[in-house]
Structure formats: C-alpha cells, structure tokens
Amino acid sequence: VEEAIARFGDPRGEQGGPRNHGPGSGRDDSRHEGGRHGGSRGGAGGRPMRRPEVVEVLDDAALLPAIMFIFSRAGCEGAVQQCARARLRLTDDHERGEIRAVLDERLAEIGVEDEEVLGLRAFRRAVLDGYAAHHAGMLPLLKTLVEELFARGLLKVVFATETLALGINMPARSVVLEKLVKFNGVEHADLTPGEYTQLTGRAGRRGIDTEGHAVIVGGPRFDAPAAASLASRRTYPLRSAFRPTPNMAVNLLDRFDLSRARETLETSFAQFQADRSVVGLARRARELEDTVEDYRAAVTCERGDLLEYAGIQEAISAREKELSQARAAADRDRTRSVLGNLRRGEIIALPGGKRRGYAVVLDVDRHVLGGPQVDLLDTEGRRRSLRPGDVPSPPAVIDTLRLPRPEALGSGKVRKDTASALRQRLAGQDDDARREVRRRAGRTPSTAAQDPRLQELRAQLAEHPCAACPDLESHLRWVGRWRKSRGELEGVQRRISGRTSSLARRFDRLTDLLLELGYLEHAGEDGEELVPTASGMRLRRLFSDRDLLIAECLEHGAWDGLDAAGLAAVVSAAVHETRRDDRAPELIADPAVGAALEASSRIAAELQSAEARHGIDPTLPPDPAIAAIVHRWARGAHLAAALEGNDLPPGDFVRHCRQVIDLLDQLTADERLGRTARAAIDGVRRGLVAQEIGR
C-alpha cells in the first residue's frame, strides 16, 4: 500500500463521489457508479482498511486484477457481502454482458430447487459486478466459473483462502495478504516464508505484466521488518510425513521378503531426517544430565530426607487422582442407569460434554452395545443421539411434553413444530441447563475425606521431620526443578531411542498386529518370512486412512445386507472426519444402517485395543456426522432436500461424495458387496455430483 501511495498518490482523505481520472485516462467511470464513498481511509498507521477500500486503492493504482487471500471461508464470503453493501462495481456494460452469457450457459444445469441452497442469486450479482469468493466450501462448478472468468479478465478481484494457491493456474497482477497470521488447525500462527512465497507467487501474468505486486494490508500492529523477512527468505525446511500403514505393509511383503521390506523403510527420506535429528538430541541429553546432577546436589534439608517427603506428596496426589477417577466412574454408572430409565416425552437438561442444553426424549434403546442410547429432539428441531459417554454426569428430568406419533417425526415440519412446543414449555427455566442439572441431579459425592489410605498419607506427611522446616517451601522448589529436569531428560532419551530405526520398528509392530488379525502369515523353510493371506490381499487393495478398520468390517460382515443407499451411508462414516465435535450425528431411520454403524463402531473399539497392545497409533472410529445426508442423496433426494437442517457447505458435500465413490469403487471387487457397491455408486454419482466428477 505504501509503495502504491508513493507511485500513484495518497488517496486517503479525499472527499466526494466518483473520482475523475481525467481525459485520456482510459478509465470508464460509469462502472464505478455507486462504488465510491467519501471520507478518509485507513492505512498502515491507523485502522485497517476495509476490504472495499483496499479494492478501490488497487483499482486507482492500476493493480487489478487481484487475488486477496483471506484465511477463512467465512471471511471470503464476508468480503463479498461488504463489497455488495458498498455497491462496488468493477465491470463495464460490455464485460457484464460477457459474464451474463457465461453464467446463463454454465448454470443452466442447476435445478431451480437447488438455487437457494447454493446461494446463486448473490453469486450472480457479485460476479456481474466483478468480484467473487473462492474457497473449498463452494460447489466445484462455481469455483471453476470463478477461475475461468478471472483468467479471461472479466473478474477483477477474487477473495480466496490459501487453497487457491495450490495447483490452480490463476495468475493476477497483484496478490493481497490481509494478514500475516492464519489458523493452522491448532492455533493462530505466523505465515512461514514458504507459505508467503506460495501465495505471492501468483502475482504477475506472463506475457501481460512486466512485474507482479505483493501487497500486505497494514494496520496498527503491522510489522514491516517481519514482512521484509518473509519476502527475502528463499530456503524452506522440508519435513517428511511418510509413515508405514497396514496397506503399505501388505503391499511391501507381497513384493519383497521381510529383510528387503525393512531395508526399503530404513533408506527412506523420513528415516534419514529422524536419524539426523538425533545429533541435536544427544547434545541436549548431555546438557540435561549435568543439570539434573546440579539440582540433585541442591535437594537437601537438615531436618530429614526431603525426597522421602516429596514422595509422600506424590503418593497423596496419585491417591486423590484415583478417587477422582472412581467418582467419575460412579457418575458414568449413574448416567447409564438414568438414561435407561428415561421415558418418551420427558424433557431433560443436559450437563455438558458433547451434549448441552435442553431436549425431549423420543425413544430409548436399552439393548444397544455401549448403551443405552437415547434418541432426542433438541430445541432447534435436530434429532440427536445420547449415550453414557457423551455427558460427564446424569441429565436431569425437568418436565414432560406430549409428542406426535413416532412416524410423524420423520417430517421436518413436525420436528420444527415440536421444537417450538419444547421451547414454550421451557419458558421460565434457567437458560444454562448445567445449573439446572446441578440443582436437580448433581454429581456423586466425593469420598476423599473418608478414605483411610489418603488420611494415612496425609498423617505421614504432617509427621515427617521436613514438615517443620522453615525453608520447606524453598526446598520443594528445588525438588520440583530436579524432577522437571529429570523428566525432560527421560523424554529426550526416549526420543533418541525412538528415532533410531524408528520406521523399521514401527513396521515390525505393524506386522505383529497384522499377524494377530490374520492378514499376514509365516512362510519359508524357517518360518521367518511373512506373506499376505487372502484377507491381506483384500487389505492390499484398500487405500484409505482407515484401511485396516474397513478391512475388519469386511471380514466380520458388518456391512452385509445393506441396500445401496445404506452402504453409501456407512462408507460415508468410514471416510469422514468431523472438524468439530460439538453435535451428535443425525439418526438414520433404516435400522439396518444403524446396526451396521453400531457394528463398525464396535469393531473400531476392538481394533483400537489391539493397536494399543502393539504400540500403534489408534485408527479413528467411523464418523457418521453426515451419513444421513449421503443416505438421503443416494435415495434420490435433490441437493437442497439432502442438506436440509444442516450447515454443510455444498462444496464440502460434493468433495465428500467423491471420497465415498472412491471407496465404493474399491469395494466393487468384493464378492459379497460388489453388486451393492456398484448400485451405490450410481446412487451417489448423479446430479451435481456427477457433473463435477465429469469435469
């Protein structure tokens, strides 16, 4: 922005309506009608500039077309809405005509019933004015349209997430970074030099621009040296994410003997990096050894054995933890009992955890594994399931509500009407359901005050000679430092041990698990070789993050007997991973699907236990968060009906359907499921999904 001001003048503080660029400027001011507002603008020293203001500055400086990276989907959509409210218009009449022709042709294949859920009216209006959003939650058709119109120069500004910087040929004259910080899934972290280069590498169109422009939007906390450092660095760390998987193990052993398979892993880039990192860890271990010795020498008390005193303190903490865990177990038992005694129509207050707020009981299944399972309707009209592990303590029954017939609750309108009646019944109740639970139910009483072992330990602590030391607090701080350093040293030593030949050791643990489960067997004259069994050859053809879980479900027949839509729903659970875990999955009316999902969850729990015994990271359990949506879609519902009552973006749904089809295609070779899998593919690959896959 500062460079643009230096070259083209300071636009801040100008008053009035549309700017007059003067005769011969080549600019058509008619396209900016309504898009200019008087008043001062923000900049590097004041408030951050609003997005429409940034676009206007770029337009004035002849730096359009531009891609403005905003690191959230909501932010991209919000930027489009802000420009619409500012009545920003970046296209002339001729460009609008071209855009309209493209939109009419390409969007004709979308049914009228799906236009609202796809937000086509707002999309058309923004694109005609010369700007649009681009993010992974959009329908791929709309993203392709944005890319095409931008490449033709008809779109002047695209507000995009960083996914646009990957694998798409979409250069611009300028690239704008709204911030130098983004959320990486765990925390808000600074952009790395590699990310900065990847994003700004879009700036400059070959054969059109002699230079590209990377613009960072300034603000009160803008750090110019940090920006300069990002722009000037040209070396980036490369870290391998390679890890052995069950599918990889059986494929390696199908082609090579055991020693050759281990050697292949030992010579990988991932193992090279792990071995190289041991040098620094060994240096750190030597430093910690000296620190531990120094702290140990300082752990003394003239009154008695200070480490013995600290050991009693540790024993007290461990006993208190045991009692707390026992109390939590008692709460779970009470929760299981309370859920089993619930009746249809009872209104309950939920204590928190994965489920919170108020709900009315629709049904109780007391015989399901891991149950009982309660079918609920919440105050927003959503059907949710509740199990003992979903809440930290029992819910409280506070009232009753007369419900429609069970079959009538399949209607969305009936559910909404019932939810409205529930909210009316709750009038006057505490807004915080947790306070209502504490008043009516509460937790299991603590037994710490009556525990003989805990009382004995506390008495020993009070009678210990060190307890009377006036410098006890200072002495214990040295004990804490010694323990912390010793723990850190043990951790570094474990890391050194774990990184040396780490991939081969992981491979050995994996093969032990596959032997136990029957996917590998001993072979050779001495029985020391490993080869895949018939089950292993089936696993060899499964490519998924949950490959072993899927293979186990096939081995146990968990998915047998399902119709095409049911198989699609179960496969959806096998490939999906929810970003946030704050809502229970929508229940599917088909009992066969429920049984298959329950069997899959049980197999997942057994597999996780086996993996834990062998020291292997656990496989994620099935995630049926959007299985009901896929089930409705596979049964022929149009997009709006399939997504009804959910906030799943259409683009995410289409992308998920691609993953479902990919796994279903792998199942077509299965003797028992092949025919159903092919029918399920036909049910999922239709309409907008088929159109996107065919592009």
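Computed from the coordinates by the stated procedures, all read-outs in this text should not be read as laboratory data. Just so we're clear, the structure is a prediction, and the values are computed from it rather than from any experiment. With ideal geometry, Cβ positions are generated from the backbone for all residues, glycine too; neighbour counts draw on all protein chains shown.
See the values below:
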quantity: The chain: antiparallel DSSP beta bridges as a percent of all, rounded to 5; calculated: 60
quantity: Computed over region 537-695, Cα set: Rg, Dmax in Å; calculated: 15.0, 46
quantity: Rounded to 10°, Cα long-axis angle of helix 269-298 versus longest principal axis of the chain; calculated: 50
quantity: Packing-based order for 240-253, 395-408, 80-93, 274-287, using average beta carbon neighbours within 10 Å, highest first; calculated: 240-253, 80-93, 395-408, 274-287
quantity: Gain on full stretching of the segment that runs from Ala408 to His638 - 0.36 nm per residue minus C-alpha separation; calculated: 80.7 nm
quantity: Distribution of pairwise C-alpha distances over the chain, 20 Å bins, in %; calculated: 13, 33, 39, 14, 1
quantity: Potential lengthening between Lys416 and Asp670 on full extension [0.36 nm per residue; Cα-Cα distance subtracted]; calculated: 87.2 nm
quantity: Model label zone, Arg423; criterion: amide N under 11 Å from point 7 Å along Cα-to-beta-carbon; scope region 375-401; calculated: 379-381
quantity: Rg/Rh (Cα only; Kirkwood hydrodynamic radius) as it applies to region 324-448; calculated: 0.98
quantity: Inverse mean reciprocal Cα-Cα distance (Kirkwood Rh) of region 54-117, Å; calculated: 14.4
quantity: C-alpha center-to-center spacing [region 458-533, region 367-431] in angstrom; calculated: 45
quantity: Selection from Ser268, Gln666, His576, by position along the positive dipole direction of the chain (Cβ); calculated: His576
quantity: Charge dipole (the chain, unit charges on Cβ, about Cα centre) - positive-most of Leu489, Ser411, Ile681; calculated: Ser411
quantity: Estimated inter-spin distance, Arg509 and Ala690, nm [label 7 Å along Cα→Cβ]; calculated: 4.7
quantity: Förster radius 25 Å - calculated FRET efficiency between Ala189 and Lys484, Cβ distance, rounded to 0.05; calculated: 0.40
quantity: Positive minus negative residues near Leu542 (Lys, Arg vs Asp, Glu; Cβ under 14 Å); calculated: -4
quantity: Dipole moment magnitude, nearest 20 debye, the chain about Cα centre, only Lys, Arg, Asp, Glu C-beta charged; calculated: 1660
quantity: The chain: angle of helix 502-517 to the longest principal axis, Cα-based, in degrees nearest 10; calculated: 70
